[in-house]
Amino acid sequence: MISVQNFGAENRVVVVGAGIVGLAHAYAFARRGWAVTVVERDLAAMSATVRNFGMVWPVGQPLDDRRGLALESREIWLKIAREAGLWHRECGSFHLAYHADETAVIQELLASETGAQIGEWQDADTVRSRCPGVRAGTGGRGGKLEGALWSPWELAVDPRRAAADIAEYLHREFGVEFRWGTSVSDVIVESDRSTTVVTATERLTARFAVICPGSATDHGFGKLLASQGMRRCRLQMLRAKTAIPVGKHLCAGLTLLHYGSFADLNGLPAVRQRYATEWPGYAEAGIHLLVSQHGDGTLTIGDSHEYEEPFRPYLRESIFAMILDYFNTFLPIDGIEVVERWDGVYGKHPNLPYLSLDHEGTPGPYGPVRIVGSAGGAGMTLSFGIGEREVAKMVGEAE
Ligand SMILES: Cc1cc2nc3c(=O)[nH]c(=O)nc-3n(C[C@H](O)[C@H](O)[C@H](O)COP(=O)(O)OP(=O)(O)OC[C@H]3O[C@@H](n4cnc5c(N)ncnc54)[C@H](O)[C@@H]3O)c2cc1C
């Protein structure tokens, strides 16, 4: 039996997907006074949003509009974290340099026109006094700590709690309704001001439907994102207990090769070449290291990047061994106990920070249905900014 809920009112919206992108849209509508219903097919958010590092990490974004989007998101995270009582830490981030070519790349970035916006160089003694767990160096291909790029803007949030806590906050504060364990099979455009979201048991009619399906491609919405360039990427991750006080987000030279903020620097090819020689197989497996520490002291450690589908249904121990080998160059491996291993999948567009499509899979114009996704490895960093911008366009506040 299917119930029909013709919300009728002009200010109703249905959001599909309770990952961080869906929650960000729900928040942006709710704070404007709209009545919001979120429909999620799992019993709780279980996908990329709960499998990540919990790093809100503007330093990884290129210095174009994406950095602005990341900083906007950061402000909203802080506001919601304070209002909702979410665990978070204004931790900042170190890019550790253990080789002269890594130091050169960081210095090149900092000397650029916009470098000062990102952060500052700190010498090895300062880094180790602020983050005593960081190793002075292991020699050989591990190198010796020369210093680090310090960026103060980064936040740590708890990826295992954040989505559930934000959902609870949205319900409590704004009356947002959640339909858990409910799959959306279709979204029908009724007119240019009305749409109906179809589940097995309900038809929800509203002014807008925003579909935020993450990397799922087993339905038409995901297929539309894929048709516009979304590529799926699978990552392997670890969780470890430790007594090491890390506190800050940490990464080292390998990470310079992976993020847009460093992509155009003249010194980067030398770093890439050295890693290809000294750390064979790492580039092929897409391995680079990020480490975040949570409120209970545990570390999330990753990651690898796999693009070839179908993804294998099992995790590769050799990848974990490579991740931990490199980890040991900047934090002591004998100081941790690995307690969990998992994988996660995100959808990513090769050039755009994210995709925003209408019901036919084209970028515009803004009508009653919007499909938003493909924030790649930066969804936690960008989502609240994406939600604000998209909703402003939908309701006609922005072009
Ligand atoms: C291992 C890993 C580490 C990462 N680390 C970071 C990090 O530290 N910092 C950072 O900024 N980003 C990080 N990311 C990226 C970030 O996690 C993602 O970009 C973000 O979580 C994507 O959010 P989403 O809401 O689009 O997708 P998801 O979290 O996948 O949520 C989509 C939701 O939609 C639901 N859904 C799909 N189809 C339907 C349907 N038909 N009906 C109802 N519900 C549906 C799904 O069940 C799911 O809950 C990481 C990603 C991974 C995988």
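When the stretch 352-365 is limited to residues that are at pLDDT 95 or above and assigned to a loop (DSSP other than H, G, I, E, B), the one that is nearest to the ligand (Cβ to nearest atom) turns out to be Tyr354. Report yes if Ala163 is aliphatic (A, V, I, L, M) and either under 30 Å from Ile336 (Cβ atoms) or in a loop (DSSP other than H, G, I, E, B) (or both), otherwise no. Yes.
Scan the stretch 306-360 for residues that are free of Cβ contacts under 8 Å to residues at least 60 places away in the same chain, in contact with a helix residue (DSSP H, G or I) (Cβ under 7 Å, 6 or more places away or on another chain) and within 28 Å of Thr138 (Cα to Cα) and the total you get is 2.
Among residues of the stretch 38-67 that are free of Cβ contacts under 8 Å to residues at least 40 places away in the same chain, none has a Cβ under 6 angstrom from a residue that is more than 6 Å from the ligand (Cβ to nearest atom) and of a type in the set (Phe, Trp, Tyr) at a sequence gap of 6+ or on a separate chain. Taking (1) away from the ligand (no atom under 16 Å from the Cβ); (2) at pLDDT below 95; (3) out of contact with any Asp or Glu (no Cβ under 7 Å at 6 or more places or on another chain) in turn, Leu265 satisfies each apart from (3). Taking the stretch 30-69 as the range and being buried (at least 24 other Cβ atoms within 10 Å of the Cβ), of a type outside the set (Gly, Ala, Ser) and not in a loop (DSSP other than H, G, I, E, B) as the test, the residues that pass are Val36, Val38, Val39, Thr49, Met55, Val56, Pro58, Val59, Leu69. Just one residue in the set Gly142, Gly133, Gly147 is in contact (Cβ under 8 Å) with a residue 12 or more places away in the chain and in contact with a Pro (Cβ under 8 Å, 6 or more places away or on another chain); that residue is Gly133. Condition check for Thr381 on (1) assigned to a helix (DSSP H, G or I); (2) within 11 Å of the ligand (Cβ to nearest atom); (3) closer than 21 Å to Phe221 by Cα: one failure, at (3).
Being among the β-branched types (Val, Ile, Thr), in a strand (DSSP E or B) and modelled with pLDDT under 95 is the filter here; which residues of the stretch 1-28 pass it?
Val4
Residues of the stretch 206-236 that are in contact with a helix residue (DSSP H, G or I) (Cβ under 7 Å, 6 or more places away or on another chain) and closer than 21 Å to Ile319 by Cβ: Ser215, Gln236.
Residues that are aliphatic (A, V, I, L, M), part of a loop (DSSP other than H, G, I, E, B) and touching a residue at least 12 places away in the same chain (Cβ under 8 Å) do occur in the stretch 174-182, at least one of them. Every test in (1) surrounded by 14 or more Cβ atoms within 10 Å (Cβ to Cβ); (2) more than 16 Å from the ligand (Cβ to nearest atom) is passed by Arg89 save one, and that test is (2).
The values are calculated or read from the model by the stated rules, or taken from the named source; none is laboratory data. Note that the structure is predicted; figures quoted are calculated from it, not measured. We place every Cβ from the backbone using ideal geometry, glycine too, and count neighbours over all the protein chains shown.
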